[in-house]
Amino acid sequence: MFASQSTMLRGTHMEVFKADVVIIGAGGAGLRAAIAVAEADPALTIALVSKVYPMRSHTVAAEGGAAAVTLPHDNLDYHFNDTVGGGDWLCEQDVVEYFVAHAHREMVQMEHWGCPWSRTADGHANVRAFGGMKVERTWFAADKTGFHMLHTLFQTSIKYPSIKRFDEHFCVDLVVEDGRVQGVVAIEIATGEFRLIEAKAVIIATGGAGRVFRENTNGGIVTGDGMALAYRHGVPLRDMEFMQYHPTCMPGTGLLFTEACRGEGGFLLNKDGYRYLQDYGLGPPDPSPRNKAMELGPRDRLSQAFWHEKQKGRTINGPHGAVVHLDLRHIGERKLRERLPQIYELAEEFLGVDPAREPIPVLPAVHYTMGGILADGKTASPLRGLYSVGECSSVGIHGANRLGSNSLTELIVFGKVAGDEASAFAKTVTIGNPAALAKQAEAIRARALGIVSKDGGTERMVVLRTEMAKSMEDGCGIYRLGPEMQATCNKIDELKQRYKRLKIDDHSRAWNTEWLLAIELGYLLDVAQAIVYSAINRKESRGSHQRLDGFEQRDDTNYLKHTLAYYAGDGAPRIGYGAVKITKSKPGTRAYGAAGEKADAERKNEASHA
Amino acid sequence: MPDNEKIIEIEVLRYRPEQDAEPVLQTYQVPFTDDMSVLQGLQYIKDYLDGTVSFRWSCRMAICGSCGMMVNGKPELSCKTFLRDYYPGKLRVEALAHLPIERDLVVSVGDFVKKLASVKPYIIPKEARSLDDGEYLQTPAQLAQYEQFSSCINCLLCYAACPQYGMNPAFTGPAALALLHRYNADSRDGGKAERMELVHSEEGVWSCTLVGYCSEVCPKGVDPARAINMNKTSSAADYFLRFVMPKGVVK
């Protein structure tokens, strides 16, 4: 923690730090935003608040790569069309246009900052194939791309003196005064002391909420904190029903085997050794990778195909349930060690499987939160002064299904936008009434202390967490049914009541992780409620939201619109809808493999006749 | 939990600054299956036996670097150390050696982060290049010069292994020196001369006595001992070269 003590003003009750911009979350998005503010104006003071040390943030676990149009035969329209079609036309198309246009420049910026991108023989950044992408455009650093991007950003951030880090500070609330967000309150984890950080603009960059589900690829810290904070202050969460199942994860733990396994040529096999994806409109099964076909189809389709194989009894029974095989044997040990070293290590050390000699058992697990805090194309929320970026945010590029390797690029493209926008806004306002902020901070502290000091609770945390995760999996899995979603709505409502009777063993203050887990569970339950109520109200199937109860088709007449979930305290969220921005791609048939190529040709034909 | 579960005894070194004058061992009986990591054992304790035990963890897949601890006296990432390998014996987990304990298994990371900052862990460009000019060219062979050292996850197992750091906490230490070398060895970087001041200093490479245990415990194959040794060679060369070359020319 580098915040200099001299800038800490000891008030009567709580330490106060005065910042121009405060950023909650120091993963890829938060760090990129912090650097953008520092470069926009070195005179601005940035408070970068993270509940972990920045290099522990979950960006670290991203494996496969980051997309940007790079090769001569690729173009921005291709990336745009892949993204919008991949999102089943629920993307904000103007935002996607901005995204694809700025992706390459931001990747080059990462390169200048030292990111160890994998290279071609002549020294250029190399690109690999990825699911749903028409042309190879995914920059990668072996299979540790998120790790390298995060460490590059963190280490680079050290050279900017205006970035004051609050490492291991846990954010408990936003301070909203006079209709404008003007700071945050955080607990210094090591001591349990509270800090008020006043700021003229606040950027939320806290990542996703995958831990609301049982089997997931996410780290323990991915608990929807920033989403819940914005939501509780009236900012809607958009498109929360769209949760991404990644098709190739480790049974039992849900740990990720990157899509790059398939980008490098891996096969998915059922119990008969058959490449079953050809039965689900993704063929033909060429022996080498064919973009936007078979194993390089989009994640929603691949996870759905697994579900059908399981129904047909064509999966393999393992100790943790049904699995299929990810077969990398034909790639050979040498190339696997070079391109997929971490996958090799995970398979060997966690499963005792040598992927050059045996197939890896895999199944789909929850991976990514497509929806998030409502943001315009410039990352601004409807609450003045509040911005959001990264997985916590719904800036509009993922629609109903994110394409792999678009989210790492999102962090840096929109991290810069958020930093630029927040710094510009910060210069137009002042902190109005410090006394009012201090008073609010006191109330926030009292509420947070109420959780840790409470005696006589009866509900054990692990029980509530487990029931939540199980119920979300039952109601909001790969395929969804009305009655099951209703049961999950009821369960989450019930858990929110039982949460009030939480039993806490630990009443101390220093490094009380049980206290923090309790606050996180509160965040998770609010986000879970937004997810399931958004899901049950969307009476169609689109992208990762697939229903089997009479709403099997996409319904553009009624549901070509964004879901907006508004927080309503103890009650069910209020569900509203917002328009989808269409610029140049009218909703069409979403097809992959040979069928997709045919549909593309027809669209091109139509366009040339129009 | 399946029926055929076994029970392993886990001793946890507890230290709660608000109530313990000094660390004490506490024992838990933990049911486990063969695929469970030491971390999962601790999570079981926290969830079902004792909510007051504190430890850091996140990714569960040996990349975030949070969950380092001493397992039967050896620095390990608890997420990729498995309970089955200690059964039927018992298991003792303690905070990483040589680092101040904040509570239970949580050690202070602040000193490392300061040392990391001291090595200037960022590109100091050899030649300026604008974004419009695209990426710097770097061949796979040039990448290979530093890639291994860029794989450090900052888990601090090497600090817990390093006897020199144990005796002299001013020593810059294995991970930070490996990262220093990572930037020095990067073809895009021109900051070596600036960093070598630290390398030469008392806290730099010469504190290392080449025990090599840091590289043995590294979960990512970074080999900090090799990085330090390469800088010793470089530092010694600088020492002699300064008699024959004007200051500042050394690259």
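Throughout, read-outs are computed from the coordinates displayed, never taken from laboratory work. All values derive from a computational prediction rather than experimental measurement. For neighbour counting, all protein chains shown are included, and Cβ atoms are generated from backbone atoms with ideal geometry for every residue, glycine included.
Would it be correct to say that B:Phe112 is within 11 Å of chain A (Cβ to nearest Cβ) and in contact (Cβ under 8 Å) with a residue 24 or more places away in the chain?
Yes: the conditions hold for B:Phe112.
Report, by residue number, each residue of the stretch A:557-571 that is touching a residue at least 60 places away in the same chain (Cβ under 8 Å) and either exposed (fewer than 15 other Cβ atoms within 10 Å of the Cβ) or closer than 24 Å to A:Val95 by Cα (or both).
Of everything in the stretch A:557-571, those that are touching a residue at least 60 places away in the same chain (Cβ under 8 Å) and either exposed (fewer than 15 other Cβ atoms within 10 Å of the Cβ) or closer than 24 Å to A:Val95 by Cα (or both) turn out to be A:Leu560, A:His562, A:Thr563, A:Leu564, A:Ala565, A:Tyr566, A:Asp570.
Among the candidates A:Glu494, A:Glu459, A:Glu520, single out the residue that is in contact with a Leu (Cβ under 6 Å, 6 or more places away or on another chain) and among the charged types (D, E, K, R).
On inspection, the qualifying residue turns out to be A:Glu459.
Of the residues B:Ala175, B:Ala225, B:Ala193, B:Ala160, which is more than 10 Å from chain A (Cβ to nearest Cβ), touching a strand residue (DSSP E or B) at 6+ places or on another chain (Cβ under 8 Å), part of a helix (DSSP H, G or I) and not basic (Lys, Arg)?
After applying the criteria, what remains is B:Ala160.
Restricting the search to the stretch B:5-54, which residues are within 22 Å of A:Arg465 (Cβ to Cβ), part of a loop (DSSP other than H, G, I, E, B), under 24 Å from the mean Cα position of the chain (by Cα) and among the hydroxyl-bearing types (Ser, Thr, Tyr)?
Matches in the stretch B:5-54: B:Ser54 only.
Could you give every pair whose Cβ atoms fall below 6 Å, whose first residue belongs to the stretch A:317-329 and is more than 14 Å from chain B (Cβ to nearest Cβ), and whose second residue is surrounded by 20 or more Cβ atoms within 10 Å (Cβ to Cβ) and among the polar types (S, T, N, Q), counting only separations of at least 6 or pairs across chains?
Filtered contacts from the stretch A:317-329: A:Ala322/A:Thr315; A:Val324/A:Asn270; A:Val324/A:Thr315; A:Leu326/A:Thr248.
Mind listing just one residue for me: the one in the stretch B:30-72 that is without any contact (Cβ under 8 Å) to a residue 40 or more places away in the chain, more than 11 Å from every other protein chain (Cβ to nearest Cβ) and of a type outside the set (A, V, I, L, M, F, W, C) and, of those, farthest from A:Pro319 (Cα to Cα)?
Looking at residues that are without any contact (Cβ under 8 Å) to a residue 40 or more places away in the chain, more than 11 Å from every other protein chain (Cβ to nearest Cβ) and of a type outside the set (A, V, I, L, M, F, W, C), I get B:Asn72.
Residue-by-condition table, conditions (1) buried (at least 24 other Cβ atoms within 10 Å of the Cβ); (2) among the polar types (S, T, N, Q):
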{"position": "B:Gln142", "(1), (2)": "no, yes"}
{"position": "B:Pro163", "(1), (2)": "no, no"}
{"position": "B:Asp186", "(1), (2)": "yes, no"}
{"position": "B:Gly191", "(1), (2)": "no, no"}
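Yes/no per residue for (1) of a type in the set (Lys, Arg); (2) under 23 Å from A:Pro54 (Cβ atoms); (3) more than 11 Å from every other protein chain (Cβ to nearest Cβ); (4) surrounded by 21 or more Cβ atoms within 10 Å (Cβ to Cβ):
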| residue | (1), (2), (3), (4) |
| --- | --- |
| B:Ile7 | no, no, yes, no |
| B:Pro17 | no, no, no, no |
| B:Lys74 | yes, no, yes, no |
| B:Glu94 | no, no, yes, yes |
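Please enumerate the residues belonging to the stretch B:115-144 that are under 15 Å from A:His151 (Cα atoms), part of a loop (DSSP other than H, G, I, E, B) and within 8 Å of chain A (Cβ to nearest Cβ).
B:Lys120, B:Pro121, B:Tyr122, B:Ile123
A quick yes/no check of all residues on (1) in contact (Cβ under 8 Å) with a residue 60 or more places away in the chain; (2) within 18 Å of the chain's Cα centre (by Cα):
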| position | (1), (2) |
| --- | --- |
| B:Val119 | yes, yes |
| B:Ala144 | no, no |
| B:Cys162 | yes, yes |
| B:Ala193 | no, no |
| B:Ser207 | no, yes |
| B:Cys214 | no, yes |
